[in-house]
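Q: This is the structure I want to talk about, given as structure tokens.
The values are calculated or read from the model by the stated rules, or taken from the named source; none is laboratory data. All values reported here derive from a predicted model rather than from experimental measurement. No Cβ is skipped: glycine too gets one built from the backbone with ideal geometry, and neighbour counts run over all protein chains shown. Calculation scope for accessible area: heavy atoms of the full protein, side chains included, ligands and nucleic acids excluded. Shrake-Rupley method; radii C 1.70, N 1.55, O 1.52, S 1.80 Å.
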Amino acid sequence: MTATLRVEGISKAFGGVHALTECTLTARSGEITGLIGPNGSGKTTLFNIATGYERPDSGRVFLGDREITGASPQRVFGYGVGRTFQLTRIFPRLTVLENMLVPAQHGAGKNGAAGNGGRGRAHRHLRERALELLAFTGIAGHAEALAGTLSYGQRKLLELSYVLIAEPQVVLLDEPAGGVNPSLVNHLAERISELNKQGRTFLVVEHNMEFVMSLCHQVTVLDYGTVIATGSPAQVRDDQRVLDAYLGSGTGDG
Ligand code: ADP
Ligand code: MG
């Protein structure tokens, strides 16, 4: 159920802004890879390109041996690559459980409920699975609450739950701990670690260095759209170019 996600030589400009220049990075199968860098260094743009939300100007994206460059977000999702967004995209006026059952995602993975036959059964199965996942992430107690009433951290957990219902092989998380209460951050880290032990590949953008250093097997660092380091958390932490990038930008480890 697992796969390597690789981007090779990706460049992307918005008008005159070179958001990414020849970026190569691998989220190795079964590992948690961190993607860090100061604000504006291109992390979200790289996620958008890897998941079909933006097209690269050049470069290629691979899921295992399959090239997925330029595939639509739905197609990439169908191939088993799930993602969350830096700003959560939940529906505040639906309940937490209803959010989990929004059909957009259900074409992906093994739980596809699209198609007409056995709809009621499929729906019951999805509902059960949704409740299991909400229990796993720790917000099942809020299943019937409107999603708009959740705390910021709980919304992030809902978004993670939502992505998991499709059973993706690779999960990209854009700042999962950003703005989240410290007690929930630990909970989130444990859940990600557990999902990884079950075999899922993760690529995680995060400013919380403790989170990154304790969770990730490998870390890639972006600065001004260029990869300046890749290595173990300890290697990257001690890399002079990385230290310079963070000191130079004035954004600390947030
Ligand atoms: P990060 O996630 O590391 O903070 P982003 O990928 O969001 O960085 O942004 C990288 C650069 O690209 C920034 O200079 C940003 O302003 C620019 N950028 C990102 N998306 C767009 C867009 N849709 N249009 C114009 N500029 C963009
Ligand atoms: Mg970003």
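Q: Please compute the per residue accessible area over the chain with all protein chains in place, 1.4 Å probe, rounded to a whole number of Å². Mind showing how you got there, number by number?
A: Details: 11650 Å² over 254 residues.
Dividing the accessible area of the chain by its residue count gives 46 Å².
Q: Under the rule a/c < 1.5 gives rounded, and otherwise a/b versus b/c splits prolate from oblate, where does the chain land using the Cα gyration tensor?
A: Prolate shape, in that a/c is at least 1.5 and a/b is the bigger ratio.
Q: For the chain, which whole percent of the accessible surface, found with a 1.4 angstrom probe, sits on carbon and sulfur atoms?
A: Its accessible area is 50 percent carbon and sulfur atoms.
Q: Can you tell me the order of 66-75, 83-92, 157-166 when each peptide is scored by its average per-residue count of other Cβ atoms within 10 angstrom, highest first?
A: Top of the packing list down: 157-166, 83-92, 66-75.
Q: With label points built 7 Å along Cα→Cβ from the Cα atoms of residue 145 and residue 93, find their separation and express it in nm.
A: 2.1 nm
Q: Of 195, 220, 243, which is farthest on the positive side of the dipole of the range 179-254, counting Cα position, with +1 on Lys and Arg Cβ, -1 on Asp and Glu Cβ, and the Cα centre as origin?
A: Checked the options; the winner is 195.
Q: What does the helix-only formula give at 222 nm for the chain: each DSSP H stretch with n ≥ 4 adding -39500 (n - 2.57), the total divided by the residues, and the result rounded to the nearest 500 deg cm²/dmol?
A: Rounded to the nearest 500, it is -10000 deg cm²/dmol.
Q: Here's another thing I want to ask about it. Relative contact order for the chain: what is it in percent, counting Cα pairs under 8 Å that are at least 6 residues apart?
A: Relative contact order for the chain comes out at 27 percent.
Q: Take peptides 41-53, 20-32, 231-243 and line them up by average Cβ neighbours within 10 Å, highest first, as a rough protection proxy.
A: Ranking the peptides 41-53, 20-32, 231-243 by packing returns 41-53, 20-32, 231-243.
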